[in-house]
Structures are given as structure tokens and as C-alpha cells.
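What follows is a set of notes on a single structure, which appears directly below.
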Amino acid sequence: MKFIEKTNLTSLLAQLDAQYRLLVPVDYHGLTQFAPYSQVDSGVSQLYLDGNVTVSPKTVYLPQSEAMYKFSAQGKKLAIEEMPPLDRMQVLFGVRHCDTKAIQCLDKVFLDDTFADPQYKDKRDKTIVFSLACNNPKATCFCESMGIDRAHAEQSVADVQVYDLGERYGFEAVSDKGQACLNALNGMTDGEAKLPEQKPQSISFDAQGLPEKLKEMFDHPIWDEYAFKCLNCGTCSYICPTCHCFDINNKMRGTTGLKLRTWDSCMFGEYTQMAGGHQPRPGKKERVRNRFLHKLQYFNEKHNMSLCVGCGRCIAKCPVNMDITKFIRQVIAE
Amino acid sequence: MPNTFAEIQNEMRNIAKELLESGEATMVIGWEKGALPYQSTPVMIRSAEDVDKLIWDEYCQQNLSTYLIDYIYTDEKVAIFAKGCDTRAYNRLIQDNRIKAEKSIVIGVPCLGMKNAREAAKLPEGAEVPMANACKECRYPNPVTFDRKIGEDVTPWCTERDFSDVEAIEALSADEKYAFWQSQYTKCIRCYACRNICPACNCTSCIFDQSASGWCSKDVNASENQFYGVTRAFHVAGRCIECGQCEMVCPSEVPIMLMNKKFIKDIDSLFGAHEAGIDIDTPAPLSHFSVSDPEEFM
């Protein structure tokens, strides 16, 4: 393991920033998210390592708005201009273990065997992930119950494992990419260290057999009970590290335009609105049911993993406190 | 008279039980405890056996009046518990013809001000939690309309709004104002939680749900986000009951009430003092026409 004193973290980040495009968790006027390190350097934002960020790192791979290509009408012809790929490697520092698992979920969708999304793949290939283990979970955290390894980040996503060791941070390379990155950093010491003690999570349950149970519950009254209070806003979908639905739309100005990919939410009416006006998911019940079943049943059936990683963001931020853990426990007890 | 939280909670359960057992109401909407001590959340009670889920504490901030909209075209008769602000929302919804009085039962609950759940989440356990921002300036803690009422009226702790925050923004130069709102609306993720929780945002269809129209792009950036924020502020102007829920639910902590308060201040100076929703007879200043309206722009 390599170490750096916490007081020297800034110099480490400055080194990374000099070699890569560095993204770090920040607090920007009350919103915590990943942002370029220059924001911290210039004092616009403060480095935020006390807990997980509100806006998950999915924004790094699947930005809320992303131009897919530019187009313009030239006489009767259409000209297409591809968007340039990332021009340099980037480092994503401080991703929590739940979110590394979430990125693995996104990989299942965007790096599918049959089609790898080129824009997603470009960013995945060019990002070195430093994943930070959590010693002090928040009251809303339940990643352990969703099968996340709190001692080790998802191996297919993390490149460097970081541990908070009190006065210092410990770094362990997980991939070759991570090893090469660590080797090039100055001012680190080598040695051995005991892994930090991790406090237990206050929300804890056994979700064994959940997808199978839900399969029989499509018409269960539980959906009325939960959906009634939903506002059909997009907070849960947008802050969720695994919700990945998007819409493709045009942004036009004169004869030129952008083809945009923007986040979408299954809570919104336009999401399932069909040409001709039919709305297969007209109300709260159908929408809440779809979201929960996608997370806890459908994704399992397709990819053999849960689409909920237990980050707890929705419990903290849902305006009406729709509690997915209460729902899971109730289903298990059925 | 029940006056403590526990006494009022007990009375809530008794009334809910009575209404459901007698068939006077087909459902009762109140609050239950959420996942964390500082979270209280709406609950629907359909059976007298479930009334013990109901709670009354310092985090029952969410307005339940807006749920009545969901049942306007059903045979349900819905009873709701309502604080002062919730009854103002109720009046506004009646005025906007979005709910029907005969399909609802309003059980008024005087309120001593709710606590700031967002601050509570940031404070260590056991720390003193301040009052929610909107509640600090509440002048109507007692229900302004009700079918039944629990507890004694409380003495309002605020007589006049504090516009110093609005004045601080007004004092900035145009560039500074622009920079301020730019930094705030850069954060907006367009989840529409502010719109969906707002009792004034009760339109059957919203401009922001019609992206094909081209009025507002789905591109999320400071410019489009501000277009959303400003349009919404204009649209709730004169109808905002100052419950502050928009700001409270914003995951990005955009100071939405600052803009709403600016509109309230301007309306008061242009059209005379107006308090939205304190009765159903006074029309909202921008919802009707009067020959004495200012018309400097004509």
C-alpha cells in the first residue's frame, strides 16, 4: 500500500490534475457533485469528502445533456459532424463503492455484447477511477444489504482503491491502469496497514429472493399504498447512480442543430407518451411500479444483478421520502 | 383541548377512526414517520385499524391539500389534516377549481412551525434544529378554513415578512444579479420536484411537459434552467402561499423562495397587499382585472 498524509492531499491532487483531467467530489453552493479540480483550485467549490455526493458519478459517463453529433442543412444535403472523443485521460477521484457497482450496472447497458455505446465507451476507457471506501456510513446507507463489498470496490470499475486511515490515505492499485498512475506520483510512502474499521450500517436487511417474489406481485395492492404519495418528479431517477434512461432530441437554431441525449425519467408523463396519444403508464401507480420493478426485478432477470446499489440517495432526497428499503422489507415479509 | 404533539396526534387518530368507521370519509391522508427522525411523510389510511400509523411532529411539513386533486374525479371522500399553510393551499385549489369542497373534509391543526429537515440532515444527532425558513415568516399558523379543528389556536410569531434577503439581491448590479442566479441555476437538475410539490403549480398540463413544442429544450444548462425557474416564478406569482416546500425539496438547494418573495414584494407594491389563499373570495391579483390596475407600460 502507498500512503500520503491527509495534509498533503492537495499536492497529490495537484499532481493528478497536471497529468490528467481530474474530477473530484465538490460542494458547489450546496450541491455536491463531481466537478473538475480547477473549481476547487479557484475556490468556486470546496472539496467534499465527508460523504457521498448528491449527483452521482454517472454524470461523468452519461452526462445529463450530451451532444451526440452536430448537423446542418447545406442546400438539400444534410451534413453531420461527429463529436470529438475525450482528448486526454481523466481521473475520477473519490468514487464510493456503491457507485462503482452502479457503474458496473451502466456497463451492462452501454457496453452490451451486441452494441457498445461509443460515447460511453470512450469515457469509460479514458477514466481512471480512484474509489474511496466509507468508514462512516450515513443513516441512509444500505449498500451492504444490496451485496456491496465495503472493503473492496467493484474490481471491473475501480483502478485504485483508497482507504481513509485517519491521519493519512492509503492507496492500492487494482488495475494496471491504476498501478501506472500511482507509480508516476511523487511524495507517497510505501508500507503495510491494517484496513480501517467500518462502522455498521443502520439500515440492514436480507434481500434474498426479492426478484422472484416481485415477479408474482405485479397486481399487488402494495403499489397503491406506495404510489399514492409519489409526486412523479424526477428527483429519484436523476440522483440515482444507476437510473440510465435517456431521451434523444434536437436542439435547432436556423439550419444547424445538435442531436442531444438527455436524461429522462420514467416518472414523467412524456416518458411513455406514444405517437397517437396513448399513455401505457398513465398514473403514479404504473410509474412507481415500473421504477421499482426495473431496479429490483427486471434488471436482475436480464443481467443477474440488482439495479439498486444501496447508496441511499433517494431516501435522503425524495420530497415525500419514498423509502425503497421499507418497500423491500415489506415485500420480503409478504 | 389537546395541545401537545402527543395529544394532537392522539386526537388525529381518534378523528380518523371515527371518520372511517362512520363512512363519512373513504380515506384519510395524514403523516407517518419516515425513514429518519427528521422525515415525516404522507400516509393514506383506508381502514380504522391503521390509524395508529398517523403521527404529528415537527417534521410534518408537507402539504396534503394537493393530494385532493388526485381524487377529484373519483367517488372518494377524502379527509386531510391541514396546518395554516395547507388550508391556504386548500383555498387556492378551490379558487382554481382544481378540488371540490364537497369531496373533502379538512381537519385543521394549528402549527407551531416545522423544523428545517434539510438542516437536521446536516447536523449531528441531538443538535438543536432551527425552524424551517418559510415557517419563520409564517403569519398564518392557524387553519384559515376547516371542517373540524384539533387543538387551540396559537399566537403567530411573525407579523411581517422579512424582505432583507430580497433587498440584498435588489441592491446588486445587473451583472452581479446575473452571476448570482447563473450560479444557482447551474445547479438545477430539472427534476421538477419544486413544481410537483407546489400547490400553486396545479395546471392539468405544463409547458415543461411538452418538449416537442420547442418552448424549452431538454438540454439542462443554466440558461434553459433559468427559463424554467423564472417562468414558474411568474406563473405562481400572486398564488404562492409561501409554504416554502419548493425550496425545501430542491435536491440542488436552489433558493427558489427568494424569487417568489421578490414577486410577492412587487405585487404588494403594485396591486396592494395580498395574502394568497386566506379566503376564497379575494381573487389573486394577477388572476383578475381591475380598472385601478397600474398600466405604466401602456
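The values are calculated or read from the model by the stated rules, or taken from the named source; none is laboratory data. Note that the structure is a prediction, hence the values are computed from the model and not measured. Here Cβ is always computed from backbone atoms with ideal geometry, including for glycine, and neighbour counts include all displayed protein chains. Keep in mind that these areas ignore ligands, DNA and RNA; they rest on the heavy atoms of the full protein, side chains included. Shrake-Rupley method; radii C 1.70, N 1.55, O 1.52, S 1.80 Å.
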key: As computed over segment B:66-111, the Cα convex hull volume per residue (Å³)   = 57 Å³
remark   = From DSSP H assignment alone, runs of 4+ in chain B each adding -39500 (n - 2.57), the sum over residues rounded to the nearest 500 puts [θ] at 222 nm at -10000 deg cm²/dmol
message = What's the magnitude of the charge dipole for chain A around its Cα centre, counting Lys and Arg as +1 and Asp and Glu as -1 at the beta-carbon? Answer in Debye, nearest 20.
response = 1040 debye
note = With every protein chain in place, the accessible area of A:C266 for a 1.4 Å probe, in Å² rounded to the nearest 10, comes to 20 Å²
key: Cα Rg over Rh - the protein assembly as shown, Kirkwood   = 0.97
ask   = For segment A:224-293 and segment A:104-130, what is the separation of their Cα centres, given in Å?
value = 22 Å
inquiry  = Probe of 1.4 angstrom, ligands and nucleic acids ignored: what's the accessible area per residue over the protein assembly as shown, in square angstrom?
reply    = 45 Å²
key: Counting DSSP beta bridges with both ends in the protein assembly as shown, the antiparallel % (nearest 5)   = 70 percent
inquiry  = Given the -39500 (n - 2.57) contribution per DSSP H run of 4+ residues, what per-residue ellipticity at 222 nm results for chain A, rounded to the nearest 500 deg cm²/dmol?
reply    = -7500 deg cm²/dmol
message = Could you work out the relative contact order of segment B:164-271? I mean the mean sequence separation of Cα pairs under 8 Å and 6+ apart, divided by the number of residues, in percent.
response = 34 percent
remark   = Here the gain from full extension of B:F297 to B:E176, 0.36 nm per residue of separation minus their alpha-carbon distance, amounts to 40.9 nm
query = How would A:S45, B:S292, A:S38, A:S72 line up by accessible area, probe 1.4 Å, largest first?
reply = B:S292, A:S38, A:S72, A:S45
key: Theoretical gain in end-to-end length, B:I69 to B:S22 [0.36 nm per residue, Cα-Cα removed]   = 14.6 nm
remark   = Across segment B:164-271, qualifying lysine pairs (alpha carbons under 18 Å, at least 8 places apart or different chains) come out at 5
Cα Rg, Dmax, chain B, angstrom units = 19.8, 62
Farthest positive-ward along segment A:2-333 dipole, Cα basis, beta-carbon charges - from A:N300, A:G51, A:A227 = A:A227
Contact order normalised by residue count of chain B, Cα under 8 Å, 6+ apart, percent = 16 percent
request  = For A:N186 paired with A:Q19, estimate the spin-label separation in nm (one decimal), with each label point 7 Å from Cα along the Cα-to-Cβ line.
outcome  = 1.2 nm
Added length on full extension, which subtracts the Cα-Cα distance from 0.36 nm per residue, A:M305 to A:E286 = 4.6 nm
note = Of the candidates B:I241, B:W181, B:A212, the farthest towards the positive dipole end of segment B:164-271 (Lys/Arg Cβ +1, Asp/Glu Cβ -1, centred on the Cα centre) is B:A212
note = For segment A:2-333, the Cα convex hull volume per residue in Å³ comes to 167 Å³
query = What is the percent of Cα-Cα separations in segment B:5-149 that go past 23 Å?
reply = 34 percent
task = Step through the table entries B:K83/B:K115; A:K138/B:K122; A:K251/A:K284; A:K317/B:K83, compare each Cα-Cα distance with 21 Å, and write down the pairs that go over it.
result = A:K251/A:K284; A:K317/B:K83
task = State, to one decimal in nm, how far the label point of A:C245 lies from the label point of B:K122, with both points 7 Å from Cα in the Cβ direction.
result = 3.2 nm
request  = With θ set to phi - 60°, apply the Karplus curve 6.51 cos²θ - 1.76 cosθ + 1.60 along segment A:298-304 and write out the HN-Hα couplings as whole Hz, x wherever there is a Gly or Pro.
outcome  = 4, 5, 4, 5, 8, 10, 6
query = Taking the Cα centre of segment A:1-79 as the origin, how large is its charge dipole in debye, to the nearest 20, when only Lys and Arg (+1) and Asp and Glu (-1) carry charge on their Cβ atoms?
reply = 580 debye
remark   = Probe 1.4 Å, protein heavy atoms only: B and A together bury a total accessible area in Å², to the nearest 100, of 3000 Å²
note = When the charge dipole of chain B is computed with +1 at the Cβ of Lys and Arg and -1 at the Cβ of Asp and Glu, the Cα pointing farthest to the positive end, of B:V28, B:N221, B:V43, is that of B:N221
Amide hydrogen neighbours beyond the local backbone of B:K149, cut-off 5 Å, H modeled = B:G108
ask   = If B:T145, B:T159 are ordered by their accessible area, calculated over protein heavy atoms with a 1.4 Å probe, which sequence runs from highest to lowest?
value = B:T159, B:T145
task = Along Cα→Cβ, 7 Å out, is where each label goes; now give me the distance between the ones at A:E270 and B:E275 in nm to one decimal.
result = 3.9 nm
inquiry  = I'd like the chymotrypsin sites (Phe, Trp or Tyr not before Pro) in segment B:55-144 restricted to DSSP loop residues with at most 14 other Cβ atoms within 10 Å, sorted by number.
reply    = B:Y73
request  = Throw me the Rg/Rh for segment A:201-251, computed over C-alpha atoms with Kirkwood Rh, two decimals.
outcome  = 1.07
